[in-house]
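S.K.: Quick one: the structure is below, and I'll ask about it shortly.
The values are calculated or read from the model by the stated rules, or taken from the named source; none is laboratory data. These numbers come from a predicted model, not from an experiment. Cβ placement follows ideal geometry from the backbone for every residue including glycine, while neighbour counts extend to all protein chains displayed. Keep in mind that these areas ignore ligands, DNA and RNA; they rest on the heavy atoms of the full protein, side chains included. Shrake-Rupley method; radii C 1.70, N 1.55, O 1.52, S 1.80 Å.
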Amino acid sequence: MYSGAAAAAGPPRRDFISVTLGPEEAVGVGGYNNSKAWRRRSCWRKWKQLSRLQRSVILFLFAFLAVCGVISYTSMEEAWKSITNKSLDEQRTEQEIPGLKLANPAVLPAPQKADAIHGDYPELSLQKPPKPPHVRRGPSNLQIKAPRRDMRLKTRHDTIRAVEELVEADKVEKTEKSIISWRGAVIEPDQSTEPPSSKIKEPEKPSSVEAEDRKEPVPINERQLAVIEAFRHAWKGYKDFAWGHDELKPLSKSYSEWFGLGLTLIDALDTMWILGLKEEFEEARKWVANDLVFDKNVDVNLFESTIRILGGLLSTYHLSGDSLFLEKAKDIGNRLMPAFKTPSKIPYSDVNIGRGTAHPPRWTSDSTVAEVTSIQLEFRELSRLTGDEKFQKAVDEVMKHVHTLSGKNDGLVPMFINTNSGQFTHLGVYTLGARADSYYEYLLKQWIQGGKKENELLEDYTRAIEGVKKHLLQRSEPKRLTFVGELAHGHFSAKMDHLVCFLPGTLALGAHNGLAADHMKLAEALIETCYQMYAQVETGLSPEIVHFNLHAQKGHKDVEIKPADRHNLLRPETVESLFYMYRFTGDKKYQDWGWEILQNFNRYTRVPTGGYTSINNVQNPSNPEPRDKMESFFLGETLKYMFLLFSDDIDLINLDKYVFNTEAHPLPIWVPA
């Protein structure tokens, strides 16, 4: 339409008017014609009727849609190729490694090199290490099948190269336990999960943890680099002076043998994987493949062999996906089974893995409660992976039997059990220290491992914690520290083993899994006490045993140390609990406490030529009296928990996916199929 003003402004614009004719005139006598040619002429007339602006807008929209279509096609093509390649890789894996459907998925990517820091620790305190690149540490995706080794190693190619570039830029130079060992000897009890079926027709697959969306890489921080440097220093001593033997004697530059099975090396396998020490891991793997032989005439302790060797091999298999470690685990597992051939089904303490015979200690027919109830996590997992029910059945019978025994005190158990009668002995003595501690730990951890379905385990655990509160908790003077003592025939003793410092972490783990909130409150109080067992000592290192003052005395601290108890064995329990507390609370003070402990280990136990040593006197900074022995758990547990404590990556061994055995070897939590 035109307004009058517009008409007066200039010559009128010529418009066209469409006139519809009758059918005969428009399309002929034949009537209505719907031919393509006619429709094209009609569309063209309508297009010409549009203004230039309208036509430009329509053309732009068509061009925009075309560009979007090209981009979408490209993205979908890449995604489809990725899915296709992944499927082909899985098929190749099955062809190359038959039976790998039993293999546990690789949890962590192949380890990366971590040469970023070397040299003696004093250099660390004077000069901060350079900031590391953003390196992804910790589990990414779990696969149902273990990947081929070349594919695993390729997984972290880019991050490995980043660390190597950092190393090149900085040009950093690469620079004794008796037969009864209670680090040892104090191992947490387990209980079997639900009773195994009478037949296991097919091996059960490892628990598959849901693959998570990839997250931003968490950088390795300076404290973690210090742990890596400490591990390398310890490993250097072991490699130079004790390679393939059980334990390093760093001062005499020699070694000691317990079982002759390379305990330190096996204990440290998963630590190297978690720390990203690729070269060290590969050379250790070669030793396992070529030199680790279990067919030898030697007596081994059932408990220690289970938590260190069987647990270490299973954990390394889960992290790396390398079936070599599962095969070795099956071998040692079968060789330990004669221990269960007793009248009561309570296992003997010692097994000859070459002859297939077992026996109790030379001086008694008793086994310790912690030893027979702290092997369940490992044997249960072995049954799940192999499909052979005998392993789980054996340890299930032990837990069911202990569950029904009399002689408990509000859930607290004695320290000894007879292998013939199956009854508790030395009644009336209750402790959370050596010979009983890990019974309580494994009650909770088996419940978690089995998917929180085994109510008997949970009931026994919660009843025992109530027993601890009722009978064993006291406060010291002058700082009112909460501690766990011992009860002997109704008499309370203010004695607390360093081993008891596993308890704060276990309580925190239970609270994280839905148990009473007051468990976390107690954990917070007890970890403060465990820290004070270090802080109130002259070297800043805890003794093996402390006694707490129950009454205020002028000039006296809360902690008293007897001469026979003032040694330090490089134990992990306090650092272990610090890890749990930091992971669940995020309170940085726990990291700071752990950092103090690491510095004091470096200050008083580090041997210049390689390795760390236990010491005899934590009260003498000028002469701590080194014992010339580096326990295998220093690499297997203490430094591993240190590294995890200093990490802010919750997926670096996610505690909703893994449960640690009492030797700090992570095993997967079972997920319903």
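S.K.: Can you run phi through the Karplus equation (6.51, -1.76, 1.60; θ = phi - 60°) for the stretch 567-573 and list ³J(HN,Hα) in whole Hz, with x for Gly and Pro?
M.R.: Each residue of the stretch 567-573 in turn: 8, 10, 9, 6, 5, x, 4 Hz.
S.K.: Something else about it: Quick one: net charge around ARG566, please, counting Lys, Arg +1 and Asp, Glu -1 for every other residue with C-beta under 11 Å from its C-beta.
M.R.: Taking every other residue near ARG566 into account, the sum is -4.
S.K.: What accessible area, in Å² to the nearest ten, does a 1.4 Å probe give for ARG45?
M.R.: Roughly 120 Å² of ARG45 is accessible to a 1.4 Å probe.
S.K.: Full extension from ASP240 to ASP656: what is 0.36 nm times the residue separation minus their Cα-Cα distance, to one decimal in nm?
M.R.: Contour length minus the Cα-Cα distance gives 145.9 nm.
S.K.: Among SER344, THR357, TYR317, flag the residue with its Cα farthest along the positive direction of the charge dipole of the stretch 289-381, charges on Cβ as +1 for Lys/Arg and -1 for Asp/Glu.
M.R.: Positive-most Cα among the choices belongs to SER344.
S.K.: Whose amide H sits under 5 Å from the amide H of THR357, counting only residues 5 or more places off or on another chain, with H placed in the peptide plane?
M.R.: Those lying under 5 Å, H to H, from THR357 are ASN352.
S.K.: Near ASP518, within a Cβ-to-Cβ distance under 12 Å, what is the net charge of the other residues, with Lys and Arg +1 and Asp and Glu -1?
M.R.: 0
S.K.: What's the magnitude of the charge dipole for the stretch 329-418 around its Cα centre, counting Lys and Arg as +1 and Asp and Glu as -1 at the beta-carbon? Answer in Debye, nearest 20.
M.R.: Roughly 240 debye, rounded to the nearest 20.
S.K.: Once phi is turned into ³J(HN,Hα) by the Karplus curve 6.51 cos²θ - 1.76 cosθ + 1.60 with θ = phi - 60°, what whole-Hz value does each residue of the stretch 237-247 show in order, with x for glycine and proline?
M.R.: Here the 3J(HN,Hα) series is x, 5, 5, 6, 10, 9, 3, x, 9, 6, 9 Hz.
S.K.: For SER622, what charge total do you get from the other residues with a beta carbon under 13 Å from its beta carbon, if Lys and Arg give +1 and Asp and Glu give -1?
M.R.: -1
S.K.: Please give, to one decimal in nm, the separation of the simple spin-label points placed at LYS521 and ARG362, each 7 Å out from Cα toward the Cβ.
M.R.: 5.2 nm
S.K.: Right, here's the next one. Using θ = phi - 60° and the Karplus relation 6.51 cos²θ - 1.76 cosθ + 1.60, list the HN-Hα couplings for the stretch 327-334 in order, rounded to whole Hz, with x at every Gly or Pro.
M.R.: Whole-Hz 3J(HN,Hα) from phi for the stretch 327-334: 4, 5, 5, 4, 4, 5, x, 5.
S.K.: Same structure, new question: When the dipole is taken about the Cα centre of the stretch 571-635, and only Lys, Arg (+1) and Asp, Glu (-1) are charged at their Cβ, what size is it in debye, to the nearest 20?
M.R.: Taking the Cα centre of the stretch 571-635 as origin, the dipole is about 100 debye.
S.K.: Please list, in chain and number order, the residues 5+ apart from GLY262 or on another chain whose amide H is under 5 Å from its amide H, with Hs placed from the backbone.
M.R.: Amide H neighbours of GLY262: ASP246.
S.K.: In addition: Rounded to the nearest 0.05, what FRET efficiency is calculated for SER51 and SER72 with R0 set to 30 Å and r the Cβ-Cβ distance?
M.R.: E between SER51 and SER72, to the nearest 0.05, is 0.40.
S.K.: How high is the FRET efficiency between LEU251 and LYS588 when r is their beta carbon distance and R₀ equals 41 Å, given to the nearest 0.05?
M.R.: 0.70
S.K.: Report the extension gain between ARG463 and HIS491 in nm, rounded to one decimal, defined as 0.36 nm multiplied by the number of residues separating them, less their alpha carbon distance.
M.R.: Working it through step by step, the gained length comes to 8.0 nm.
S.K.: Considering only ILE465, PHE483, SER493, whose Cα is most displaced toward the positive end of the charge dipole of the stretch 446-493, charges sitting on Cβ of Lys, Arg (+1) and Asp, Glu (-1)?
M.R.: Positive-end residue among those listed: PHE483.
S.K.: Next question, about the same structure. Long-range amide H contacts for THR425: which residues qualify at under 5 Å (H placed 1.01 Å from N, peptide plane, sequence gap of 5 or more or a different chain)?
M.R.: PHE416, ILE417, ASN418
S.K.: Dipole size in debye (nearest 20) for the stretch 420-466 around its Cα centre, Lys and Arg Cβ +1, Asp and Glu Cβ -1?
M.R.: 100 debye
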